[in-house]
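The block underneath contains the structure these notes are about, expressed in structure tokens.
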Amino acid sequence: MSVENNILKNGFVDKKVDEGLDVIEEINKLKKEKNAVILAHYYQTGDIQDIADFVGDSLALSQKAAETDADIILFAGVHFMAETAKILAPNSKVLIPDLNAGCSLADSCPPEEFKKFVEAHPDHLVISYVNTTAEIKTLTDICCTSTNALKIVESLPKDQKIIFAPDRNLGSYIKRMTGREEMLIWNGACHVHEEFSLEAILELKKEYPNAKVISHPECEKPIQLVSDFVGSTAALLKFTNTDDNKEYIVATESGILHQMKKQNPEKNYIVAPPKDSTCGCNDCNFMKLITINKMYNTLKYETPEVKLSDDIISKARKSIDVMLDMSKKLNL
């Protein structure tokens, strides 16, 4: 029986880490021994962000994956991100600490249904958010992230017919900002960003009248309309760095607050509440499946590994390469 089959249970390496073991030190040792790099998304917990070699949003992580010469990429994020890393670094072994770390937005766009939708509109250019499976990317002309989606759409001819998938809120935001009527939007959504409460944010504004509301374009339209700034995760971080204000109500996944507090500890950041105050919905349940102990076991045993066929990698890479090329030209 292979090592992977012997120790991989429930989607992750189900082995207890010895008490007293300095897991951070051991991870750093394993990184050097195995020529491994750790990429982590902003939505991970603070301890994971701090041990990573690079922390970023989906665009920046894609760019780093394309550049790396590491033998192993340990991806502290969700499955579609690790797939993207494998597509861009096919010669590297890509590991994810928990195979259950999926994405509600990616799941909202089933490949077979999306394929039929695309085939029904053959005269439309397909732009798909990076928050999709590798299979969806094979059906896509241009991949995008929340950082570059608006600029990519704006760079296209005004009469270009577009299918935008899968996030309906980001798609509607782009359609509203560009005035493009010839844009079909797939009906998908992120479970975190759709759960913020407009009423609760307005109540917070009464309590913190000087706070600026900042939100992600995956949030629903009413949240965007009451926001002082709407932007990608990286854009929200940049805004709090460059803006003179001292208080912010933040409507995106709570993990980004770690970087905001590190970079500007003198400022006050208030997490926007979800509609259901008991659900903790401003945390991504999938992102939070990744832990330091799982990362240690994953790097030690080199499993779970993200594997894709050569055919999927070849077809999916085309749309990502277009995105990366356009991002360079647009200085994103």
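The values are calculated or read from the model by the stated rules, or taken from the named source; none is laboratory data. All figures in this text were calculated on a predicted structure; none of them were measured in a lab. Here the Cβ is made from the backbone with ideal geometry for all residues, glycine too, and neighbour counts use every protein chain on show.
A few points about this structure:
- Every residue from the range 14-36 that is closer than 20 Å to residue 70 by Cβ and either free of Cβ contacts under 8 Å to residues at least 12 places away in the same chain or in contact with a Lys or Arg (Cβ under 7 Å, 6 or more places away or on another chain) (or both): 25, 29, 30, 32, 33
- Pick from the range 256-285, criterion at pLDDT 95 or above and part of a loop (DSSP other than H, G, I, E, B), ranking: farthest from residue 147 (Cα to Cα): 266
- Scanning the range 171-218 for residues that are free of Cβ contacts under 8 Å to residues at least 60 places away in the same chain, in a loop (DSSP other than H, G, I, E, B) and surrounded by 18 or more Cβ atoms within 10 Å (Cβ to Cβ) yields 180, 211.
- Some residue of the range 109-124 being surrounded by 15 or more Cβ atoms within 10 Å (Cβ to Cβ), assigned by TED's automatic domain parsing to the domain that holds residue 186 and within 17 Å of the chain's Cα centre (by Cα): yes
- Scoring residue 65 on the criteria (1) under 20 Å from residue 98 (Cβ atoms); (2) at pLDDT 95 or above leaves a single failure, condition (2).
- Evaluation of residue 77 against (1) among the small types (Gly, Ala, Ser); (2) surrounded by fewer than 22 Cβ atoms within 10 Å (Cβ to Cβ); (3) touching a residue at least 40 places away in the same chain (Cβ under 8 Å) (one fails), failing number: (2)
- Those residues of the range 226-238 which are under 19 Å from the mean Cα position of the chain (by Cα) and either surrounded by fewer than 18 Cβ atoms within 10 Å (Cβ to Cβ) or under 15 Å from residue 272 (Cβ atoms) (or both), in sequence order: 230, 231, 233, 235, 236, 238
- Odd one out for residue 55 among (1) out of contact with any Cys (no Cβ under 6 Å at 6 or more places or on another chain); (2) not in a strand (DSSP E or B): (2)
- Single condition residue 133 does not satisfy, out of (1) within 23 Å of residue 328 (Cβ to Cβ); (2) among the β-branched types (Val, Ile, Thr); (3) within 20 Å of the chain's Cα centre (by Cα): (1)
- Within the range 23-46, the set of residues being over 30 Å from residue 282 (Cα atoms) and in a loop (DSSP other than H, G, I, E, B) comprises just one member, 35.
- Residue within the range 239-250 that is surrounded by 15 or more Cβ atoms within 10 Å (Cβ to Cβ), over 20 Å from residue 45 (Cβ atoms) and within 19 Å of the chain's Cα centre (by Cα) present: yes
- Restricting the first member to the range 242-267 and to residues that are farther than 22 Å from residue 286 by Cβ, and the second to residues that are modelled with pLDDT under 95 and hydroxyl-bearing (Ser, Thr, Tyr), no beta-carbon pair is closer than 8 Å while six or more apart or on different chains.
Conditions (1) of a type in the set (S, T, N, Q); (2) on the phi > 0 side of the Ramachandran plot; (3) surrounded by fewer than 22 Cβ atoms within 10 Å (Cβ to Cβ); (4) part of a loop (DSSP other than H, G, I, E, B), marked per residue:
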position: 50; (1), (2), (3), (4): no, no, yes, no
position: 61; (1), (2), (3), (4): no, no, no, no
position: 64; (1), (2), (3), (4): no, no, yes, no
position: 69; (1), (2), (3), (4): no, no, yes, yes
position: 73; (1), (2), (3), (4): no, no, no, no
position: 81; (1), (2), (3), (4): no, no, no, no
position: 84; (1), (2), (3), (4): yes, no, no, no
position: 87; (1), (2), (3), (4): no, no, no, no
